[in-house]
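Novice: Supplied in structure tokens, the structure appears directly below.
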Amino acid sequence: MIKNTRECRIDQFVLVSILNYHEEGNKKIVDEVAPIRTISEQDANKEFFQAEPGSLVYHTSNQDFVIHLRRDPLMRVRRSSNEN
């Protein structure tokens, strides 16, 4: 289904619903998607951050649809101020 999405919407951003995926190490490999709608290049970043869970913005020029997973929590850095 990803190949069909790429062939029908050449070189475009597309909002997709992820239907099937598998994990390999720290990567989620998306196997099947359902296209929801195309997105303009100007709106791609905004749409990426507003996507509902299970949906993602994908650019059809990418051969594979891979999501890199973060397993480690973000480290908090404490800043010290030396006020004398």
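Novice: Which order do the peptides 54-63, 16-25 take when ranked by the mean count of other beta-carbon atoms within 10 Å per residue, highest first?
Specialist: The most tightly packed comes first, giving 54-63, 16-25.
Novice: Rank these residues by their accessible area, most exposed first, probe 1.4 Å: F48, F65, F13.
Specialist: Listed by decreasing accessible area, they come as F48, F13, F65.
Novice: Suppose each label sits 7 Å from its Cα in the direction of the beta carbon; what would the K46-N62 distance come out to in nanometres?
Specialist: The answer from the label model is 2.2 nm.
Novice: Counting Lys and Arg as +1 and Asp and Glu as -1, what is the net charge of the other residues whose Cβ lies under 13 Å from the Cβ of H22?
Specialist: Spelling it out: positives minus negatives among the neighbours equals -3.
The values are calculated or read from the model by the stated rules, or taken from the named source; none is laboratory data. Since we're looking at a predicted model, the values are computed, not measured. Neighbour counts are summed over all protein chains in view; Cβ atoms, including those assigned to glycine, are modelled from backbone coordinates with ideal geometry. Ligands, DNA and RNA are excluded from the accessible area calculation, which covers all protein heavy atoms including side chains. Shrake-Rupley method; radii C 1.70, N 1.55, O 1.52, S 1.80 Å.
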